[in-house]
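The values are calculated or read from the model by the stated rules, or taken from the named source; none is laboratory data. Computed from a predicted structure; not experimentally measured. Backbone-built Cβ (ideal geometry, glycine too); neighbour counts: all protein chains shown. Ligands, DNA and RNA are stripped out before the accessible areas are found, and what is left, the full protein with its side chains, is counted by its heavy atoms. Shrake-Rupley method; radii C 1.70, N 1.55, O 1.52, S 1.80 Å.
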Amino acid sequence: MRKRYRQKEDDLFPQLISGIFAAYAFYLILLYFSDRSNFWKWCIYGVIIVIATIAAIFLWGKIKNNLKQKHLDSIVGKLKGSGQEEYLQNFISRFGLEDGKGNGWEFRNHRFSWDRINDLKKIFLEKEIISKEDDVFQLLRFYIQEKEETLTRESIHRETQKLEHLSGNDFEKLLYRLFEKMAYKVELIGHTGDQGGDLIANKDGERILIQAKCYRDWSTGNAAVQQVVGAIKFYNCNKAMVVTTSHFTVEAIALAKANNVELVSKNQLQELLLKYLGESWV
């Protein structure tokens, strides 16, 4: 209801302008047949008024956009200052691709149920990140746009890239892009002091806890498998996976098999990156 009301308000100004110009055109027609000398005078006035109106609309548009940008910069700054930026990014990744029934809010390829939007509004209002409810939509548009532009830029790389050049954080971001391309909703949870997981991937009732191991010169052993097995309940997941840039030891493979943990070694990872991202990694 609020959205439809706002759309009616936005349509009021162009409707008013159209009405004024229609009345003016009708007046000129009357002058043409009744007072030809005044007709040409009012034609000149009309040209001046049109130019002035266009200039005023253009100037007001710039002022309005500048005010919107300043307000957006302010709430983005509050979001970052509150430490909730990662929370919003995970919210977008986890709930933005839900195939919920009924009405929802959409932007680009993301869709959120109104229940999710209302939850987010409540949290951000409580934390004083936003001052009015509509600020939530500005934040969502900004971060979704930023996310999609980043994915587009990073996905057009076709040159061969080296896994050994990746840091741990870079590797997690690469996996984030990969699983998103595989139609998962992905959360980035890895940080200092985490409970043994780096990402969570959701799709069709499957919630996978992923441990990312970026090694260069040694194999991935038991410890990685033990960590993800120990953390699966903590993160409320029903599946566990370890992805590495190297290979797995015999012991790690045996332990993973006993605990139903999926292992993705370097060769498998390279195939997935080429298939889904179109990127060649060695």
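In the complete set of protein chains, residue-level accessible area for D170 is approximately 70 Å², probe 1.4 angstrom.
For the chain, modelled as a GNM with alpha-carbon contacts under 10 angstrom, which of C237, C214, C43 fluctuates the most? Answer for the Gaussian network model of the chain: C43. Please determine, in degrees from 0 to 90 and to the nearest 10, the orientation of helix 114-126 with respect to the longest principal axis defined by the Cα atoms of the chain, where the helix direction is its Cα long axis. Helix 114-126 sits roughly 90 degrees off the main axis of the chain.
Under a Gaussian network description of the chain, with springs only between Cα atoms under 10 Å, the residue in W114, W60, W40 that fluctuates furthest is W40. Placing +1 on each Lys and Arg Cβ and -1 on each Asp and Glu Cβ, with no other charges, gives the chain a dipole about its Cα centre of roughly 780 debye. Remark on segment 172-282: hydrodynamic radius 14.0 angstrom, per the Kirkwood mean of 1/r across alpha carbon pairs. With R₀ set to 35 Å, the beta-carbon distance separating N66 from E148 gives a calculated FRET efficiency near 0.90.
If you take the square roots of the eigenvalues of the alpha-carbon gyration tensor of the chain and sort them as a ≥ b ≥ c, do you get rounded (a/c under 1.5), prolate (a/b over b/c) or oblate?
Working: a/c = 3.51, a/b = 2.67, b/c = 1.31.
Cα axes put the chain in the prolate bin.
Express the accessible area of segment 234-282 per residue in Å², computed with a 1.4 Å probe while the remaining protein chains stay in the model. Mind showing how you got there, number by number?
Details: 2650 Å² over 49 residues.
Normalised by residue count, the accessible surface of segment 234-282 is 54 Å².
Bridging of K203 to lysines at a Cα separation below 26 Å is possible for K101, K121, K147, K173, K181, K185, K213, K233, K239, K257, K266, K275, once same-chain residues fewer than 8 apart are set aside. Considering only N118, G77, F171, whose Cα is most displaced toward the positive end of the charge dipole of the chain, charges sitting on Cβ of Lys, Arg (+1) and Asp, Glu (-1)? Farthest along the dipole direction, towards plus: N118. Prolate is the label for segment 35-87. Its Cα gyration tensor axes, ordered a ≥ b ≥ c, give a/c of at least 1.5 and a/b above b/c. Residues considered: L72, L163, L59. Largest GNM mean-square fluctuation over the chain, using C-alpha springs under 10 Å, is found at L59. Contact order for segment 31-130, expressed relative to its length and based on alpha carbon pairs under 8 Å spaced 6+ residues apart, stands at 16 percent. Round to the nearest 0.05 the FRET efficiency obtained for F39 and Q15 when R0 = 35 Å and r is the Cβ-Cβ distance. It comes out at approximately 0.85. R94 sits with roughly 80 Å² accessible to a 1.4 Å probe, with DNA, RNA and ligands left out of the calculation. In Å², what does the accessible area per residue of segment 47-97 work out to with a 1.4 Å probe? Averaged over the residues of segment 47-97, the accessible area is 66 Å². Shown for the chain: the carbon plus sulfur share of the solvent-accessible area, taken with all protein chains present and a 1.4 angstrom probe, equals 55%.
Would you list H165, H71, H247, H110 from the most to the least accessible area, probe 1.4 Å? Provide the component values of the computation, followed by the final result.
Details: H165 125, H71 55, H247 90, H110 5 Å².
Largest accessible area first, the residues go H165, H247, H71, H110.
Taking R0 as 22 Å, what FRET efficiency do you get between N222 and N267 from their Cβ-Cβ distance, rounded to the nearest 0.05? Spell out each step's value before the answer.
Details: r = 21 Å, r/R0 = 0.93.
With R0 = 22 Å, the Cβ-Cβ based efficiency is 0.60.
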